[in-house]
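Step one of this worksheet: look at the structure below.
The values are calculated or read from the model by the stated rules, or taken from the named source; none is laboratory data. Model, not experiment: these values are computed from the prediction. Backbone-built Cβ (ideal geometry, glycine too); neighbour counts: all protein chains shown.
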Amino acid sequence: MGKITSKCKGGVIVEHSETGSLMFCPGSQISDKPLKNIDHLIGVEQKFAIIKLDKLRGNACVSRRQIVSSNKREDKAKIIEKFKVGDIIKDAVVKGYSSFGCFFEVNNEIDVLVHLQEISYSRVNHPDEIFNIGERHDLKVISIDNEKLQIGCSIKQLSPDPFEHISNYEIGKNYKVKVDKITDYGCFCSLEPGLSTLLHSSEMSWTKRNIVPKKLFKVGDMIDCVITEIDKDKRRIAISHKLTIENPYQSFSDKHPVGSEVNGVVSSSNEYALYVKLEKFDIDGFLHANDLSYTNNPDDELKKYKKGDRLRVKVLEIKKDEHKVRVGLKQTGKDPFDWFKDKKLNDIITVKVISTDNKGLNVRPEGCELDFLIKKSNIAVSSADARPSRFLSGDRIDAAISELSFDKRKVSLSIKLLEEIQNKEAVSKFSSPLSGKNLPFSSLSEKLDEKKNKDDE
């Protein structure tokens, strides 16, 4: 017997009631649970257990914790004697959970464990998927360990295994399910008592992204779902709510096939695209910056639009399985590239010089809205003449089409090619490759021969 007289570093000083000797009780040995304040224990005579004794030095170390734990163990043993395997415990309260099970408090006197595998016939990853702190549930006692003073209970054994008649359910058929618990990633629902399944957030809506389940449903709701998978081995059922609702992407595709035009409103944007809400459909069409204009800079065009702007766009692509629709704005107007439809390689066109720089000439064909660069290397056959500075802004010059691809939407122009074409035509028109008659001095030898003959005469 003794009493705590004062606090000290690492614990408290205990005075022996009979002799007045002072002993040390470590802080970890004061109680079996952490105490923020021990003022109510100071000066109170109580039992302590000697855990270390050095008679030569006159040191003694005691523990109050051992006495408390021993008393509780005796009390706990008496409580456990009240239970036997098979008993049904009514209204046990959820006290806490861990990765391996859930703890329930019974009659405010003892805690029991329901192992993860005994919670439900369906697969459970963590007890917090099924229970909330403070909930009340009935339990069945399935094991009692008198040495460890532990009681094991089960919830699923209170009802028959629902998977024994899983054949009553069909994949692809609609069923009413009850929402039992809501998490950040979905809702745990029951097809019938004990037959639980997860409705994942990705299966709640066709169009909504980053769904918050608690904004759509609440515990106790009865909702329509379609069974998409039944795995008897894994005891798992997959369901979908969105399959009970008409697929807006299918409806949109039926009304607005690829190539048609549709009205929309800008709903959001990022650094490379706009998202356009299409008509009355709850669908956002993806409008890339490159599809805003044929001629202007995509980044500059993107800055012109803001949330709420109304646009008429053209449907470019529909991926119903991936829930994606791609639209374009520039495709609703005339494509300036059509100017080249009646053109072919080596055709000669007239262009106007817009500007010049070290890279070459920036030109625009007459009657066309597109600008092109004639590279410095394509300005002239002679490298000495391939100088952009020879030309001024506003000059009208001829150039030949050196590359034309409608698939790649690419056109290359060349003055050098034009010169080569003209030189080739001049050679073929005014001379023969086997004689030099049309070349300078080609007839000089004949005239010299005629003069020699005249001199001899």
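On the given criteria, is Asp357 loosely packed, with under 12 Cβ neighbours inside 10 Å and touching a Pro at 6+ places or on another chain (Cβ under 8 Å)? Working first, answer last.
Details: loosely packed, with under 12 Cβ neighbours inside 10 Å: yes; touching a Pro at 6+ places or on another chain (Cβ under 8 Å): yes.
Criteria met by Asp357.
Kindly establish whether Phe391 is surrounded by 14 or more Cβ atoms within 10 Å (Cβ to Cβ) and over 19 Å from Leu345 (Cα atoms).
It is true that Phe391 is surrounded by 14 or more Cβ atoms within 10 Å (Cβ to Cβ) and over 19 Å from Leu345 (Cα atoms).
Hey, can you tell me all the residues within region 122-139 that are under 23 Å from Val85 (Cβ atoms) and surrounded by fewer than 19 Cβ atoms within 10 Å (Cβ to Cβ)?
Within region 122-139, Arg136, Asp138 qualify.
Assess whether Ile166 counts as being part of a helix (DSSP H, G or I) and in the same structural domain as Arg236 (by TED's automatic domain parsing).
The answer is yes for Ile166.
Among the residues of region 110-136, which ones are part of a loop (DSSP other than H, G, I, E, B), charged (D, E, K, R) and closer than 28 Å to Lys76 by Cα?
Glu135
Pairs only if they're at least six apart or on different chains, beta carbon under 6 angstrom, first in region 50-63 and in the same structural domain as Gly27 (by TED's automatic domain parsing), second assigned to a loop (DSSP other than H, G, I, E, B); list them, first residue then second.
Val62/Phe48
Hand me the list of strands (runs of 3 or more DSSP E) wholly inside region 260-336 holding 1 or more residues that are β-branched (Val, Ile, Thr) and touching a Phe, Trp or Tyr at 6+ places or on another chain (Cβ under 6 Å).
261-269
Of Leu345, Leu316, Leu302, Leu329, which residue is over 28 Å from Leu373 (Cα atoms) and aliphatic (A, V, I, L, M)?
Going through Leu345, Leu316, Leu302, Leu329 in turn, the sole match is Leu316.
Would you check which residues across region 162-198 are touching a Gly at 6+ places or on another chain (Cβ under 8 Å) and either closer than 19 Å to Pro127 by Cβ or exposed (fewer than 14 other Cβ atoms within 10 Å of the Cβ) (or both) and list them?
Correct list: Val179, Leu198.
With the condition being out of contact with any Gly (no Cβ under 7 Å at 6 or more places or on another chain), I'd like the strands (runs of 3 or more DSSP E) fully within region 1-98 carrying at least 3 qualifying residues.
2-8, 49-54, 59-63, 88-98
Residues are listed down the side, and each one gets a yes or a no for (1) in contact with a Gly (Cβ under 8 Å, 6 or more places away or on another chain); (2) at pLDDT below 90:
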{"site": "Val351", "(1), (2)": "no, no"}
{"site": "Asp371", "(1), (2)": "no, yes"}
{"site": "Lys375", "(1), (2)": "yes, no"}
{"site": "Ile397", "(1), (2)": "no, no"}
{"site": "Arg409", "(1), (2)": "no, yes"}
{"site": "Glu425", "(1), (2)": "no, yes"}
{"site": "Ser428", "(1), (2)": "no, yes"}
{"site": "Pro440", "(1), (2)": "no, yes"}
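Determine whether Val315 is more than 30 Å from Asp224 (Cβ to Cβ) and of a type in the set (A, V, I, L, M). Talk me through it step by step, then tell me what you get.
Working: more than 30 Å from Asp224 (Cβ to Cβ): yes; of a type in the set (A, V, I, L, M): yes.
Yes, satisfied.
Test each condition in (1) within 30 Å of Lys306 (Cβ to Cβ); (2) modelled with pLDDT of 85 or more; (3) not in a strand (DSSP E or B) for Arg209 and report the one that comes out false.
Looking at each condition in turn, Arg209 falls short on (2).
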